[in-house]
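To start, the structure under review is shown below, and the notes come after it.
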Amino acid sequence: MSIFTRLSVTILTLSVALYASLTYASSTDSVPNAPTTYPAGKLGEMVKLGEAILNNTDTHPLTKHLVGNKLTCVNCHLPNQNGKPGAGKGMSTLIGTATVFPAWSKRQGTIQSLQDRIDNCFMRSMDGIRPIIDKKASMAMVAYVTWLSTGLPIKMNPKATISPYNFDKYVKGKKKFARLQKKATHSNYLNGKKVFQAKCASCHQMNGAGVAGTFPPLWGKNSKGEWLSYNTGAGMSKLNKAAVWVQSNMPLGQGGTLTNQEAADVVLYFDAQPRADFILKDHLFPKSKMGFYNTEVTTEHDSVRSNFKAFGLDIDTIRGDHVIK
Ligand code: HEC
Ligand code: HEC
């Protein structure tokens, strides 16, 4: 073999390896398509029920009493072109999620099942009450989310309860945004407000309340005094996680168009607005009713103030007022 042949073989091998590492669950294009046929019989009915719940969480008869705000799962786990919730290919796709369980959850301090993970969203993103494990609503959602991973290999995750198609991107993105957000000042907040006005408010409205049934709310209360959106325990209330999600998914249909600074600042703006504190015990049924709750962590209290403090930021300085208690 001549030196040139050997060199080109090496280059070829290197590029194959590079290609493999790029395509293995780390680029948006590599997220597989959702299945198109349902399982037969009662199982298929359960999958369809789960799909309906993910689409209409706050109004569905099996879950509306468990939801404390005006959101549905599909508002953050975006649909694919066939309208399948969570099957969109941006950040927080639910494709591949079922393949990682049982998985380690740092937040709960235990090894979690997919059902645990889904049910915990009700306490935080949905500002509601954790469903009872194995009851119909919980089983239906886990059936649907499992169905989304049909045909994908098991890939247990020792680090986090998160799909392989989200994991690397979240880890890298969270670091990137934390670096920017830790340096934030009041002028980043003002820039975030400008970005919000220019690129978000046409749908979500300048007061963050959205348009009922069409554009979901981002913060604040309605005229009845009810909180509209996720609470301060939700992933979306953490500045760096939210920035990764927003840069990938928003403005709707134009994911990937915000610069790092725009995404960091627009999140700094909307996560600095009023939303419900997260006090863990307020989101559980009484002990006699709640069933098994798989956790080592039994107290948690997050606020807008503590979420900013986690990045070394003082909410009053960032906002330039004293609106947040
Ligand atoms: C306000 C936005 C929001 C809503 C509403 C929401 N989620 Fe999530 N969800 C997220 C974000 C952001 C993450 C990832 C970050 C994290 O781990 O906190 C996530 C993570 C998850 C995961 C972990 C798997 C993975 O691959 O990331 C599951 C499962 C999940 N959500 C299910 C649901 C279900 C079911 C509902 C409705 C009951 C729901 N979520 C409602 C924002 C939301
Ligand atoms: C063209 C309308 C439109 C624009 C512009 C838009 N969004 Fe959205 N946004 C939506 C819709 C619709 C959803 C819910 C998607 C679904 O249910 O399929 C959503 C969901 C969200 C969510 C998660 C759900 C919630 O209410 O918390 C966040 C956060 C969000 N958008 C932030 C932004 C930000 C920040 C911008 C500007 C950079 C933006 N959006 C621009 C329409 C829009």
Problem set entry | Residue ID - farthest from residue 168 (Cα to Cα), chosen from residues in segment 77-99 that are surrounded by fewer than 21 Cβ atoms within 10 Å (Cβ to Cβ) and within 10 Å of ligand 2 (Cβ to nearest atom) | 83
For this session: Select from segment 64-76 the residues that are more than 10 Å from ligand 2 (Cβ to nearest atom) and polar (S, T, N, Q) and list them in ascending order.
Result: none
For this session: Among the residues of segment 100-123, count how many are away from ligand 2 (no atom under 16 Å from the Cβ) and assigned to a helix (DSSP H, G or I).
Result: 8
Exercise. Take the residues of segment 34-63 that are surrounded by fewer than 14 Cβ atoms within 10 Å (Cβ to Cβ) and within 29 Å of residue 244 (Cα to Cα): which is nearest to ligand 2 (Cβ to nearest atom)?
Worked result: 59
Exercise. For residue 199, all conditions in the list (1) surrounded by 14 or more Cβ atoms within 10 Å (Cβ to Cβ); (2) under 30 Å from residue 110 (Cα atoms) hold save one; what is the number of the exception?
Worked result: (2)
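Check segment 236-247 and report whether any residue there is assigned by TED's automatic domain parsing to the domain that holds residue 202, among the small types (Gly, Ala, Ser) and either free of Cβ contacts under 8 Å to residues at least 60 places away in the same chain or surrounded by fewer than 22 Cβ atoms within 10 Å (Cβ to Cβ) (or both). I'd like the intermediate steps shown before the answer.
Narrowing segment 236-247 to residues assigned by TED's automatic domain parsing to the domain that holds residue 202: 236-247.
When the remaining residues are screened for being among the small types (Gly, Ala, Ser), the result is 237, 242-243.
Within this subset, residues satisfying the condition of being either free of Cβ contacts under 8 Å to residues at least 60 places away in the same chain or surrounded by fewer than 22 Cβ atoms within 10 Å (Cβ to Cβ) (or both) are 242.
Within segment 236-247, one or more residues are assigned by TED's automatic domain parsing to the domain that holds residue 202, among the small types (Gly, Ala, Ser) and either free of Cβ contacts under 8 Å to residues at least 60 places away in the same chain or surrounded by fewer than 22 Cβ atoms within 10 Å (Cβ to Cβ) (or both).
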For this session: Could you identify the single residue in 118, 111, 132 that is touching a Gly at 6+ places or on another chain (Cβ under 7 Å) and under 21 Å from residue 298 (Cα atoms)?
Result: 132
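So, in segment 263-305, how many residues would count as being among the small types (Gly, Ala, Ser) and over 21 Å from the mean Cα position of the chain (by Cα)?
2
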Exercise. Taking segment 124-137 only, how many residues are within 16 Å of ligand 2 (Cβ to nearest atom) and either over 14 Å from residue 58 (Cβ atoms) or hydrophobic (A, V, I, L, M, F, W, C) (or both)?
Worked result: 2
Exercise. Quick one: in segment 37-59, which of the residues that are without any contact (Cβ under 8 Å) to a residue 24 or more places away in the chain and not in a helix (DSSP H, G or I) is nearest to residue 283 (Cα to Cα)?
Worked result: 59
Exercise. So, of the residues in segment 88-123 that are of a type in the set (S, T, N, Q) and under 21 Å from residue 58 (Cβ atoms), which turns out to be nearest to ligand 1 (Cβ to nearest atom)?
Worked result: 92
Problem set entry | Breaking point among (1) loosely packed, with under 14 Cβ neighbours inside 10 Å; (2) touching a His at 6+ places or on another chain (Cβ under 9 Å), for residue 183 | (2)
Exercise. Got a number for residues in segment 267-279 being within 15 Å of ligand 1 (Cβ to nearest atom) and part of a helix (DSSP H, G or I)?
Worked result: 2
Problem set entry | Subset of segment 147-180 [small (Gly, Ala, Ser) and surrounded by 14 or more Cβ atoms within 10 Å (Cβ to Cβ)] | 149, 160, 163, 173, 178
For this session: Select, from 231, 294, the only residue that is among the polar types (S, T, N, Q) and away from ligand 2 (no atom under 12 Å from the Cβ).
Result: 294
Exercise. Has segment 251-266 got any residue that is touching a His at 6+ places or on another chain (Cβ under 9 Å) and assigned by TED's automatic domain parsing to the domain that holds residue 304?
Worked result: no
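Can you tell me which of 250, 206 is without any contact (Cβ under 8 Å) to a residue 60 or more places away in the chain and over 20 Å from the mean Cα position of the chain (by Cα)? It would help to see each step written out before you state the result.
On the way: 250 fails: over 20 Å from the mean Cα position of the chain (by Cα).
Every option except 206 fails the conditions.
The values are calculated or read from the model by the stated rules, or taken from the named source; none is laboratory data. Here the structure is a predicted model, which means the values were calculated and not measured. Positions of Cβ are backbone-derived with ideal geometry, glycine not excepted, and every protein chain shown enters the neighbour counts.
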